[in-house]
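J.: Here it is, the structure, as structure tokens.
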Amino acid sequence: MSGEGLSNIKIDGEKLLAIEDVLGIEKAREMAQAQRGKSFGGLLNMLNRPRAEDIDVVYEEKRYEAFWRVLGTARYEYKRRTTYKVPVEPMVKDVELLGTTFDAQAKTIGLEGVEHCVEEYREEKLIDAQTDQAGAFEKYLARASRQIETTEELTKDGTPIVALAAKPAFLVRTVVNALIKPIKADQILDEQIAISELALYFIPVYTFEFHWKPKDKRVTVSFDGATGEMRPQANKIAERLRGSFTNDEMFEFGKEVANFVPGGGLAMMAGKKAFELYKKK
């Protein structure tokens, strides 16, 4: 393979993964009921606490949010000439080594050699597919998940997927750029860059909106279906779409995914459907 260099970049491990839902809608409803009074905590004082019958659940939804995992590796094998400087004692004038006499007047001798080198690198990106920002998604990688062929397996019961903003082609390019390293070599034996995983993970999320009728106050809470934990921030899918995306942008995001992973076109359809549902409200 001498002299071949970097001829191509291999991309494997393209897959859609649904993280196991440990809650389910009934358990999520129970957790929501337990949070009814607590959810208005920032609005209350000891003398102004709502009664349970004054708080209604006026909205509930299950949705899927997503994040990308892009894992890349690089391997560089090469040879380079170098000179090893070996110190000698002050009284040494020259050194005979392997049939060659080396002058030692500078109190060092120079041994020329050819180094055979291998460098290996690993780069991983975990990116929020909705915001295109890095996120703390490591906890989900250890969770049970199943591979799906298309997003229809998630949306066939009407569950929407939040529209995707992160473009996988850009994420791959970012990882590849991080793996390209400057190499000081006289002969390159092999250069390999590979994307070993390009996966879109789907996380089930449950959201409930409470209405405190006497005060006409509303509060939204969300639960992570993958961890069973309450989320520190909550919003409805309609708010996510309304705040970040236009109808035309959704189609563009969908086309990007459709061109890159199986089932991506169905994710586009789910995003369009959710947007239309919001417009009807």
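The values are calculated or read from the model by the stated rules, or taken from the named source; none is laboratory data. The structure displayed is predicted, hence computed values, not measured ones. Positions of Cβ are generated from backbone atoms using ideal geometry, with glycine treated the same way; all protein chains shown enter the neighbour counts.
J.: Looking only at residues that are touching a Leu at 6+ places or on another chain (Cβ under 6 Å) and among the hydroxyl-bearing types (Ser, Thr, Tyr) in region 58-101, which one is farthest from Glu191 (Cα to Cα)?
T.: Tyr64
J.: With the structure loaded, tell me whether Ala134 is without any contact (Cβ under 8 Å) to a residue 24 or more places away in the chain and within 30 Å of Tyr201 (Cα to Cα) or whether it fails that test.
T.: Answer is yes for this residue.
J.: For region 154-174, state whether one or more residues are in contact with a helix residue (DSSP H, G or I) (Cβ under 8 Å, 6 or more places away or on another chain), assigned by TED's automatic domain parsing to the domain that holds Arg231, over 18 Å from Arg63 (Cα atoms) and modelled with pLDDT of 90 or more.
T.: Within region 154-174, none of the residues are in contact with a helix residue (DSSP H, G or I) (Cβ under 8 Å, 6 or more places away or on another chain), assigned by TED's automatic domain parsing to the domain that holds Arg231, over 18 Å from Arg63 (Cα atoms) and modelled with pLDDT of 90 or more.
J.: A further question follows. Out of (1) in a loop (DSSP other than H, G, I, E, B); (2) within 17 Å of Gly13 (Cα to Cα); (3) free of Cβ contacts under 8 Å to residues at least 12 places away in the same chain, the odd one out for Met91 is which?
T.: Every condition holds for Met91 apart from (2).
J.: Taking region 148-179 on its own, how many of its residues are closer than 21 Å to Thr73 by Cβ and of a type in the set (S, T, N, Q)?
T.: 2
J.: Find the residue count for region 156-182, including only residues that are free of Cβ contacts under 8 Å to residues at least 40 places away in the same chain and not acidic (Asp, Glu).
T.: 6
J.: How many of the residues in region 194-251 are under 30 Å from Asn177 (Cβ atoms), modelled with pLDDT of 60 or more and more than 19 Å from the chain's Cα centre (by Cα)?
T.: Qualifying residue count, region 194-251: 0.
J.: I would also like to ask the following. Out of all the residues in region 127-181, which are touching a Gly at 6+ places or on another chain (Cβ under 6 Å) and of a type outside the set (Ser, Thr, Tyr)?
T.: Once the filter is applied, which keeps residues that are touching a Gly at 6+ places or on another chain (Cβ under 6 Å) and of a type outside the set (Ser, Thr, Tyr), region 127-181 yields Asp128, Ala163, Val175, Leu179.
J.: Sort out for me the helices (runs of 4 or more DSSP H) sitting completely within region 130-227 that have 2 or more residues that are surrounded by fewer than 21 Cβ atoms within 10 Å (Cβ to Cβ) and small (Gly, Ala, Ser).
T.: Per the criteria, 168-179.
J.: Being touching a residue at least 60 places away in the same chain (Cβ under 8 Å) and in the same structural domain as Gln33 (by TED's automatic domain parsing): is that true of Ser222 here?
T.: Judged against the criteria, Ser222 is not a match.
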